[in-house]
Amino acid sequence: MSIGFRLLLASLAVCGSLIAQPQKKNLTIEDAVLRQRSTLAPKRLPGLQWGHAGDAFSYTESAGGDEWLMEGRPGNKTRTRLFSLSNLNGLLRTAGSDTLAKWPAVIWKGSASFHFEAGGRTRMLDVSSNSLTVVPTPELPKGAEHIEPSKSGPVAFVQDYNIMITAIGEAVRQVTKDGSRELLYGTSVHRDEFGINKGLFWSPDNRRLAFYRMDQSMVTDYPLLDFAAKPANHEPIKYPFAGDSSHQVRIGVYDMSSGSTIYLQTGLPVDQYLTNIAWSPDAQSVYVAVLNRGQDHMKLNRYSAKTGAFETTLFEERDPMYTEPMHPIEFLPGDPTKFIWQSRRDGWNHLYLYDISGKPIRQLTKGEWEITDFNGFDSKGKTAFFHSTDNMGLDRVFKSVELSSGKVRLLSSGSGVHTCVLNSQRTAFIDNWSSQVVPRIIRIASTRDGKVLETLLEAANPLADYTVGQTRTFTISAADGKTPLWCRLILPADFDSTRKYPAVVYLYGGPHAQMITNTWLAGADLWFHYLTQQGYIVFTVDNRGSSNRGKTFEQATFRKLGEEEMRDQIAGVNALKAFRYVDASRLGVYGWSFGGFMTTSLMTRYPGVFKAAVAGGPVMDWNYYEVMYTERYMDMPSENPEGYRISKLTAQADQLNGKLLLIHGTSDDVVVWQHSLMFLKQAVSKGVQLDYFVYPGHLHNVTGKDRVHLNSKITGYFNDFLK
């Protein structure tokens with residue numbers, strides 16, 4: 001038993017007076033679901049951003065029945081009302097445009113002028129002269145998508161599967177002509193894995209456009225049905241199952257002056273992943289992280305942007321399990337001979353400084369913590385800024401590192417989660433900070449030493465008038481007996497340590513996710529507090545395999561998804577049952593997606609532990625999940641048949657012991673509907689009873705107003721079988 005867990009046991013056993021006393025009113029389900037990110041979230045400064053020169057900041061504020069654009073400067077507590085929404089709407093009416101219900105997002109273009117969108121046009125307001133003008137922008141045709149503007153005028157976009165480019169006063173030029181549903185241009189590829197989120201990349205001089213070309217003619221057509229039509233429409237998607245044929249990707253480069261296109265000679269096999277595209281500062285080369293399908297061997301390659309020829313491999317990275325390049329190289333400003341690369345080669349995601357020959361200069365950061373965001377350089381290119389984990393992954397902090405020495409400086413202050421934004425001069429940053437006890441504090445601090453220059457906001461507790469219980473975080477030992485795992489325990493506001501409470505375990509458990517952080521509510525959904533009002537204790541543990549605890553922590557589940565994770569979850573359940581106020585005979589578990597897989601796994605492979613469970617959008621057989629994700633963590637089915645067999649939940653349906661509700665969106669294009677239907681079919685054939693509910697037309701999760709229905713459904717299910 002960990003020290004943290006012993007202390008928690010002792011502290012909670014003393015008396016119920018340690019728990020926050022009941023407040024004035026209970027949360028409604030609508031409060032918990034629809035208002036948790038608006039009126040019941042800690043107060044913000046809407047639109048807060050740095051101005052054009054970086055020596056001023058702006059935000060919007062309601063006052064006197066109007067909404068004002070405000071301006072301030074660090075260290076000067078005087079605020080200036082720059083412009084009101086009513087005045088802005090007056091100018092828009094005069095210009096014959098629709099008015100605005102609230103201040104739009106603004107982009108500062110000078111000390112007194114900014115761009116914004118209104119009436120379908122980009123407009124510029126000059127605050128000093130009280131004048132409004134229309135900003136000339138290229139006219140995009142109806143149906144334009146994946147829009148990628150350059151810095152100097154031309155705009156690239158995709159229409160009818162093909163890449164187009166237009167500019168002010170110019171006709172639309174068509175870059176590709178053979179695009180189709182099976183041959184996509186200019187879109188994100190590899191199902192958005194490896195940090196990929198777009199498919200168009202302008203060169204620094206805006207004279208060339210790199211783009212993805214994805215041939216998916218060889219990929220399985222998977223049927224989705226639109227039930228809103230009469231008769232229902234068949235709308236197939238391309239879905240590459242693990243072990244099956246995947247799409248084939250190439251990278252093209254279009255030359256604006258010649259109108260010609262070349263393709264990078266990325267070589268064979270075509271069954272590979274082309275990721276992390278970056279241009280050289282002189283726009284003559286394109287850098288690509290080329291990853292094999294096995295995802296255990298990456299090459300950082302350079303190609304000629306003029307001919308497409310392969311020029312060199314700068315370096316390679318191998319891992320016996322998997323390597324996952326997520327970030328393009330970052331060239332130093334003012335020094336095109338050096339760049340920064342992010343890698344987990346030493347077990348933690350850190351920064352490495354290289355020259356353009358691929359020679360390593362130094363590892364810039366080191367330690368048992370992960371860099372989570374790279375935030376660029378100072379104006380001289382001597383210092384880099386980044387966010388990283390701290391406190392065993394629970395916190396997020398803001399730091400800088402000197403490139404010449406590798407000296408790291410902590411810039412943010414206060415335990416918790418910091419989200420920081422640098423000004424254009426890189427002399428100061430806005431720090432948006434919260435923790436379990438701090439709803440939100442927004443400050444401005446110096447990048448030189450982290451000294452706080454001004455506090456802009458100290459938000460009050462938005463839940464002060466509600467019956468919200470206390471949240472505790474603590475550690476237990478993982479199933480391996482040595483690795484500490486973070487846990488979150490949420491108790492009812494009227495908690496009585498002499499009573500016995502039913503408990504609901506909420507989990508996810510998979511890669512690229514972390515449920516527990518040192519932020520407001522410890523990262524919990526407000527609906528969990530609604531559950532405590534119904535008389536439940538809500539418990540979560542971040543098992544091995546989840547994110548931000550280093551490579552060894554994450555890779556503990558390699559080739560055996562659902563095994564170590566479940567053992568850790570059971571360790572968490574044992575810790576939960578050790579509290580004398582938890583009724584071990586009334587435990588529930590709920591998770592979605594990977595969490596749905598985990599929930600169903602626990603109900604079939606650890607029967608009798610939980611009395612009731614809800615699994616949403618669950619993976620039931622990894623053979624039926626996508627290539628990139630599944631093969632990274634499980635290898636191909638032909639390479640790991642035993643791992644796939646053990647994790648196949650459809651074969652475990654007859655082991656179900658307890659009440660299980662499966663929920664699925666009928667249009668789920670991530671974990672396809674077939675997963676839960678296959679499990680349901682096996683349950684029927686084995687004579688096993690379970691409950692089933694679908695959300696017609698919803699994708700991988702239930703969003704919008706229907707989420708109230710979903711959370712009400714889950715709450716009602718636990719009320720039926722745990723209370």
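Give the long-range amide H neighbours of M218: residues separated by 5 or more places, or on another chain, with amide H under 5 Å away, using H modelled in the peptide plane at 1.01 Å from N.
none
Just flag the trypsin sites (Lys or Arg not before Pro) in region 210-301 sitting in loop per DSSP whose Cβ has no more than 11 other Cβ atoms within 10 Å. Don't jump to the answer; show the numbers that get you there.
Working: sites: R213, K238, R250, R293, K299; in loops: R293.
Here no trypsin sites (Lys or Arg not before Pro) fit, given the DSSP loop and packing criteria.
What does the C-alpha gyration tensor say about the overall shape of region 136-179? Classify as rounded when a/c is under 1.5, otherwise prolate if a/b is larger than b/c, or oblate.
Since a/c reaches 1.5 and a/b is larger than b/c, the shape of region 136-179 is classed as prolate.
How many nm is it between the label spots at A651 and R173, if each spot is 7 Å from the Cα in line with the beta carbon?
5.7
FRET efficiency for H234 and Q265, Cβ-Cβ distance as r, R0 = 45 Å, nearest 0.05? The partial results should precede the final answer.
Details: r = 39 Å, r/R0 = 0.87.
After rounding to 0.05, the efficiency reads 0.70.
Hey, quick one: spin label on D319, modelled 7 Å out along Cα-Cβ, who in region 539-572 has an amide N within reach, i.e. under 16 Å?
544-561, by backbone N distance to the label point.
If you average the C-alpha positions of region 444-470 and of region 582-599 separately, how far apart do those two centres end up, in angstrom?
34
Efficiency by 1/(1 + (r/R0)^6): what FRET value for V421 and T133, r their Cβ-Cβ distance, R0 = 30 Å, to the nearest 0.05?
Calculated transfer efficiency: 0.60.
Tell me which label goes with the value of mean projected area of the Cα convex hull in nm² computed from the coordinates here: [x] 37.3; [y] 33.5; [z] 31.0.
Read-out from the structure maps to [y].
Hey, which of these cross-link pairs are over 27 Å Cα-Cα: K359/K551; K109/K338; K299/K338?
On the way: K359/K551 24 Å; K109/K338 31 Å; K299/K338 18 Å.
Long pairs (Cα-Cα over 27 Å): K109/K338.
Extension gain Y161-I29, at 0.36 nm per residue separation less the Cα-Cα distance, in nm?
Full extension of this stretch gives 43.3 nm more.
Would you grab the residues whose amide H sits under 5 Å from the one on Q272? Only those 5+ places off in sequence or on another chain, please, with H modelled 1.01 Å from N.
Residues meeting the amide H criterion: V249.
For region 319-392 and region 103-143, write down the distance between their C-alpha centroids in whole Å.
Going from one Cα centre to the other spans 36 Å.
With a Förster radius of 41 Å, plug the Cβ-Cβ distance of E61 and D480 into 1/(1 + (r/R0)^6) and report the FRET value to the nearest 0.05.
Computed FRET efficiency for E61 and D480 comes out at 0.20.
Output the antiparallel fraction of DSSP beta bridges having both residues in region 466-722, as a percent to the nearest 5. Write out the running numbers ahead of the final one.
Numbers: 11 of 34 bridges.
Beta bridges within region 466-722, antiparallel portion: roughly 30 percent.
With θ set to phi - 60° and the Karplus curve 6.51 cos²θ - 1.76 cosθ + 1.60, what are the ³J(HN,Hα) couplings of region 454-470 in order, to the nearest whole Hz, using x for Gly and Pro?
6, 9, 8, 7, 10, 6, 7, 5, x, 10, 4, 9, 10, 7, 10, x, 8
For T427, list long-range residues whose amide hydrogen, built 1.01 Å from N in the peptide plane, is under 5 Å from its own amide hydrogen.
Those qualifying (amide H under 5 Å, at least 5 residues apart or on another chain) number zero.
Quick check: pseudo-label points 7 Å beyond the Cα along Cα→Cβ at L677 and K43, how many nm apart are they?
5.2
Taking θ = phi - 60°, what integer Hz values does the Karplus form 6.51 cos²θ - 1.76 cosθ + 1.60 yield along region 122-138, in sequence order, with x for Gly and Pro?
Those phi angles translate into 8, 10, 10, 10, 9, 5, 5, 9, 6, 10, 10, 10, 8, 8, x, 9, x Hz.
Farthest toward the dipole's positive end in the chain, which of V33, G591, I340, given Cβ charges of +1 (Lys, Arg) and -1 (Asp, Glu) about the Cα centre?
Result: V33, furthest along the dipole toward the positive end.
Students often forget the sequence filter, so: which aspartates and glutamates lie under 16 Å Cα-Cα from K306 once same-chain residues fewer than 8 apart are removed?
Within the straight-line cut-off, K306 pairs with D205, D255, D282.
With a 10 Å Cβ neighbour count serving as the proxy for reagent exposure, in which order, fewest first, do V619, V468, V127 appear? Please report the intermediate quantities before stating the final value.
Details: V619 28, V468 25, V127 17.
In increasing order of surrounding Cβ atoms, one gets V127, V468, V619.
So how do H234, H709 line up by other beta-carbon neighbours within 10 Å, fewest first?
Fewest-to-most ranking of H234, H709: H234, H709.
What are the ³J(HN,Hα) couplings of region 169-183, residue after residue, when phi is run through the Karplus curve with 6.51, -1.76, 1.60 and θ = phi - 60°? Round to Hz, x for glycine and proline.
With coefficients 6.51, -1.76 and 1.60, one gets x, 10, 6, 5, 9, 9, 7, 10, 10, 10, x, 7, 4, 9, 10 Hz.
Which value at 222 nm does the chain reach when only helices count, each DSSP H run of 4 or more adding -39,500 (n - 2.57), with the total divided by all residues and rounded to the nearest 500 deg cm²/dmol?
About -4500 deg cm²/dmol.
V670 versus D335, label points 7 Å from Cα toward the beta carbon: distance in nm?
4.1
Taking the Cα of K109, stepping 7 Å toward and past its beta carbon, and measuring to each backbone N in region 51-89: which are under 14 Å?
Residues passing the 14 Å test: 52.
What's the extension gain from M392 to D244 if we count 0.36 nm per residue and subtract their Cα-Cα distance?
49.5 nm
Report the full-extension gain for the segment R499 to L183: residue separation times 0.36 nm, less the Cα-Cα distance, to one decimal in nm.
This chain segment gains 107.5 nm when fully extended.
In region 96-162, which trypsin sites (Lys or Arg not before Pro) are in a loop and have at most 15 other Cβ atoms within 10 Å, using DSSP for the loop call? Let's see the in-between values first.
On the way: sites: K102, K109, R121, R123, K142, K151; in loops: K102, K109, K142, K151.
Of the trypsin sites (Lys or Arg not before Pro), the ones in loops of region 96-162 whose Cβ has at most 15 other Cβ atoms within 10 Å are K102, K109, K142, K151.
Any read-out appearing in this document is the output of simple, stated calculations on the displayed coordinates, not a laboratory observation. Not measured: the values here are computed from a predicted model. Cβ atoms come from the backbone with ideal geometry, glycine included; neighbour counts cover every protein chain shown.
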